[in-house]
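The values are calculated or read from the model by the stated rules, or taken from the named source; none is laboratory data. All of these numbers come straight from a predicted model, not from anything done at the bench. Every residue, glycine among them, receives a Cβ derived from its backbone with ideal geometry; neighbour counts consider all protein chains shown. SASA here: full protein model, heavy atoms, side chains in, ligands and nucleic acids out. Shrake-Rupley method; radii C 1.70, N 1.55, O 1.52, S 1.80 Å.
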Amino acid sequence: AVNELLATYRRASGFDVLLVSDRGARATIKRFADSSIIPQSLAQGVGTAAFEYERAKVENKPYVIVGRAIEGTDIEVFFLFPEGQVQDQISQLGTVLFTGWLILVAASGLIGVLLSRQVLTPVSRASFAARSLAEGLLDTRLPVETNDEFGILALSFNEMAQALQQKIAELSDARERERRFTANVAHELRTPVAALVSEASLVRDQLDDIPAEFRRPVQLLVGDVTRLRQLLEDLMEISLFDAGRQTVEVDEVDGPALISTLLRRRGWVHSVRLDAQPVVLRTDRRRLERVISNLVSNAIRYGHADIVVRVRKTNDKALIEVSDKGPGIQPEHLPNVFDRFFKADPSRTGFGTGLGLSIVHENVRILDGTITVRSEVGHGSTFTVALPRKRQFNSREAE
């Protein structure tokens, strides 16, 4: 019966059989006819109730060994299933799955890139168009290629750009008309104002011959004519700024000498103190005189006392400070001191035109410099002009 059983198992494929009894061990192949190849834990646990199994290596090859005792005999039967082929198949399956995973990841990444480009390209194009519009390219438009949300966005952007371009064109035209009107009015007023100034000078020269009761009105008239002439000159200069027709004539300028000469010529030597280091800079002499003259005149008119002009230098800049110990400027008014026709006290009706500091700011800008102001109420104000010492202008035109 054992021989017949083994013969039957030999005809089966895929596993081998080992029979162990008190009379020895027999197997379907001779090299397995040894009970020592069975793990001791499995040999001790084999019974007739159920099959027991355990993984083990036989001849350094992986096997699954299943064992059971045959009821009514002393024979124990062990089936040896080789796992090498299964593990090879599992390894091959793992390789296939890993390769498939890589392909899937690559395909997903490629699809994601394509989809993101399709989605983000209109957004990037809209961002670029918005930057171009912000830089002043008002004719920037987006192509309307689809009827989806991006197409609606492009259409809305184009409508906004068109409206903005039209509004800016209208504002530019209005500004140009205003500039031409100011220039024309100032130009037309030059002749009659010049005549008024000449006539006022004649009246002023004869002031001692005028009856006392008429002198005060005549003095007021002369002052108003002088103020009108100053306002006209300031308006003419402002119109040149707006038209962009200002020129720069560069020259070697001795800063302290220029300021000292200006103070003597304007009769400010006794009311203004000069504290200057030797500074030579390349700039427009006439514009620099205009800047300093306006700042000092403003300090004399509103600062009243302890007016000091300081000149300092750094490695590449010349610093000119005009300070006073006057009433100072309210903090809320500081951002507007360089605006045209701005007056810290709206009720003030003095000689000033409200354009002096604005003209200073424009001249400093044309000279490629900066101007700042510090002020403390009750302690005075300080205007600081910073100009390049070795600035090389490429053109006689300012900007």
| task | State which residue pairs qualify: first residue farther than 14 Å from V64 by Cα and inside the stretch 34-46, second residue assigned to a helix (DSSP H, G or I) in any location, beta carbons under 6 Å apart, and separation of 6 or more residues or different chains. | result | none
| Would the stretch 107-129 turn up any residue that is assigned to a loop (DSSP other than H, G, I, E, B) and either under 23 Å from A12 (Cα atoms) or in contact with a Leu (Cβ under 6 Å, 6 or more places away or on another chain) (or both)? | no
| task | Check whether at least one residue in the stretch 142-157 is modelled with pLDDT of 85 or more and either over 51 Å from the mean Cα position of the chain (by Cα) or open to solvent by 70 Å² or more (accessible area, probe 1.4 Å) (or both), and report yes or no. | result | yes
| remark: Note on the stretch 16-48: residues loosely packed, with under 15 Cβ neighbours inside 10 Å and of a type outside the set (K, R) are D22, G24, I29, D34, S36, Q40, S41, Q44, G45, G47, T48
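With in contact with a Lys or Arg (Cβ under 7 Å, 6 or more places away or on another chain), surrounded by 14 or more Cβ atoms within 10 Å (Cβ to Cβ) and not in a helix (DSSP H, G or I) as the only criterion, which of V77, V66 stands out?
After applying the criteria, what remains is V77.
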| query | Where residues in the stretch 159-193 are at pLDDT below 75 and open to solvent by less than 60 Å² (accessible area, probe 1.4 Å), which of them is nearest to P143 (Cα to Cα)? | reply | R179
